[in-house]
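Read-outs: derived from the displayed coordinates by stated rules, not from any lab. What you see is a predicted model; the values in this text were computed from it and never measured. Cβ sites come from the backbone with ideal geometry, for glycine too, and all protein chains shown count toward neighbours.
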Amino acid sequence: MQAFSMPDDKFRFFRNHAPHYRQAGAAYFITFRLASNQFDLAPAERDLVADSLNHFHPDRYYLFCWVVMNDHVHALFLPREKEDVSKIMHSWKSYTANRLQRQHGRAGSVWQKDSFDRVIFSDREFNEKAHYIVNNPLKRWPDLNSVDEYHWVGWNSF
C-alpha cells in the first residue's frame, strides 16, 4: 500500500488495487462485493450484514443510508473525528466474514479484497448517492412495488 499527502495535508491518496482518497470531515460512498467464489447472501445473512453496518452508528460514524444486496453492499457514512475510513470498512468486512463463515458455513474469502470508496464533495453528489443506494433494490428487482418491500435498506434522518 502506498500513501502520500497533498501539500495542504487535508487530502490523502493511497492505493491497494483501486485508488482511495481520504479527506478529513468528508462523507463517503462505499461499495464492497462478495468474492467471486461466493454464492448470494441469504436473508439471514443480509440481516447480519445490515446489523453490523448499524452497530457503531452513531458512536464511530454517522450512517446516513445503506443497502445490503444479494451480492454487494453500499453505504453512505461520515466517520466521527479521529475514526479512519479504512478501519471502519475493515471492521465491517472482517466481522461479517467471520460470522458468515462460523454461522452460515461459508468458506474462504467472503468479500473481495478491495472495495470502492468515494469522497462526497457536494450536497448534490450526496443526494445522488443516497438516492442510488436507497433505490438500488428497485433497479435490481423491478417487480418490487416500493423500496419498503425490501428489508435490507435503511436510512437515518439527518
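Side notes on the structure shown:
- Among the trypsin sites (Lys or Arg not before Pro) in region 70-133, those located in a DSSP loop and surrounded by at most 16 other Cβ atoms within 10 Å of their own Cβ are Arg80, Lys82, Lys113.
- Take every Cα pair under 8 Å whose residues are at least 6 apart in sequence, average their separation, divide by the length of the chain, and the relative contact order is 29 percent.
- Span-like helix ranges in the chain, DSSP H, alpha carbon extent 30 angstrom or more, Kyte mean at least 0.0: none
- Gaussian network model of the chain, Cα within-10 Å springs - most flexible of Leu144, Leu100, Leu76: Leu144
- For region 80-151, applying the loop criterion from DSSP together with a ceiling of 16 other beta carbons within 10 Å to the chymotrypsin sites (Phe, Trp or Tyr not before Pro) yields Phe121.
- Among Asn136, Asn127, Asn54, residue whose mean-square fluctuation peaks in a GNM of the chain (springs only between Cα atoms under 10 Å): Asn127
- Per residue convex hull volume, Cα atoms of the chain, in Å³: 120 Å³
- Whole-Å distance, taken between Cα centres, linking region 93-110 and region 28-80: 14 Å
- Potential lengthening between Phe121 and Gln23 on full extension [0.36 nm per residue; Cα-Cα distance subtracted]: 34.3 nm
- Measuring nothing but alpha carbons in region 74-145 and taking Rh as the Kirkwood radius, the Rg to Rh ratio lands at 1.04.
- Of Asp59, Asp51, Asp114, the one that fluctuates the most in a GNM where the chain has Cα springs shorter than 10 Å: Asp59
- Pairs of Lys residues in the chain, spaced 8 or more positions apart or belonging to different chains, with C-alpha separations under 25 angstrom: 13 in total.
- Stretch gain in nm, segment Ala107-Phe39, where the contour uses 0.36 nm per residue and the Cα spacing is subtracted: 23.4 nm
- Dipole in debye (nearest 20) - region 26-155, about Cα centre, beta carbon charges: Lys, Arg +1; Asp, Glu -1: 420 debye
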